[in-house]
Amino acid sequence: MSPKKLGRSFLYAFQGFYSAIRTETNWVIGIIEAIFVILAGIYFNITSTEWVLVILIIGIVLSSELCNSAIEAIVDSFVATEHPKAKIAKDFAAGQSVIVVLAAAISGTIIFWPYIQNLLR
């Protein structure tokens, strides 16, 4: 890939981030939650392994939200009125995001709970 094409790829990616921040409430909530989790990681001085897991989880959650939004946009661009198959596609995409968020919440609890317990003692 040429440097020019690579540069355009990054430009398009950042345009996607900017568009998501402007239009997708759940993505903005995810960014805020990610900042909170990163600050908690700094405060509790989590281990390197825990940092790797936290960063991966944040990336998976934010990517999942972008994929959900992309699927909804694609479906909406092809279907002018509500269609049962379009609803299924959108519901599946939303369900996928919920699964990822629940898994992230459980993982975050497993990582941070011992630190919180120590703080409360």
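The values are calculated or read from the model by the stated rules, or taken from the named source; none is laboratory data. Note that the structure is a prediction, hence the values are computed from the model and not measured. So basically every Cβ, Gly included, is an ideal-geometry build from the backbone, and we count neighbours across all protein chains shown.
From the list Ile32, Ile42, pick out the single residue that is closer than 15 Å to Ser63 by Cα, loosely packed, with under 13 Cβ neighbours inside 10 Å and out of contact with any His (no Cβ under 8 Å at 6 or more places or on another chain).
Ile32
Is the stretch 57-74 home to any residue that is over 18 Å from Val101 (Cα atoms), at pLDDT 95 or above and among the β-branched types (Val, Ile, Thr)?
no
Answer yes if at least one residue in the stretch 85-105 is β-branched (Val, Ile, Thr), under 22 Å from Leu39 (Cβ atoms) and within 19 Å of the chain's Cα centre (by Cα), and no otherwise.
Within the stretch 85-105, one or more residues are β-branched (Val, Ile, Thr), under 22 Å from Leu39 (Cβ atoms) and within 19 Å of the chain's Cα centre (by Cα).
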